[in-house]
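Below: one structure, written as structure tokens.
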Amino acid sequence: MSNKEEAAANRKRPEQFKLVNAYDEIVKTAVSEMMNTTDACKCERCYLDVCAIVFNQGYSHFVNTREGELLKKVPEMNHGNRAQLMVQILHAIKKVQDFPHHSGYQKKS
């Protein structure tokens with residue numbers, strides 16, 4: 001294939017970009033780990049409620065990236081940032097424990 005043919009083929013193929021929150025996996029993993037160390041309900045709804053609260057507290061860093069390039073754009077988490085994230089997660093877990101969105105959960109005293 002000549003350079004002209006290759007260039008023409010690349011123009012016809014749309015770039016696959018995606019808008020993603022670079023903190024997505026960091027937060028979800030940390031929430032899962034923290035919930036497993038508490039007596040919090042570990043159902044999918046409570047897990048996602050905790051994640052939503054944490055994301056809404058400012059843990060978002062949206063980037064436009066090609067598939068597979070996200071790791072280049074993940075923000076660094078130093079010890080201070082990680083500690084602050086853990087505090088936010090604990091507050092979110094407490095909030096979800098106090099006001100669960102499902103009726104089957106019995107709050108432990």
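Filter the range 31-51 down to the residues that are free of Cβ contacts under 8 Å to residues at least 24 places away in the same chain and in a helix (DSSP H, G or I), then identify the one that is surrounded by the fewest Cβ atoms within 10 Å (Cβ to Cβ).
E44
Is it true that T38 is modelled with pLDDT under 95 and within 29 Å of Q16 (Cβ to Cβ)?
Here the answer is no, as T38 does not meet what is asked.
May I ask you to list pairs of residues, at least six apart or on different chains, whose Cβ atoms are under 8 Å apart, with the first in the range 59-81 being more than 22 Å from H91 (Cα to Cα) and the second being at pLDDT below 65?
V63/L70; V63/K73; T65/K72; T65/K73
The values are calculated or read from the model by the stated rules, or taken from the named source; none is laboratory data. These numbers were taken from a predicted model, which means no experiment stands behind them. We place every Cβ from the backbone using ideal geometry, glycine too, and count neighbours over all the protein chains shown.
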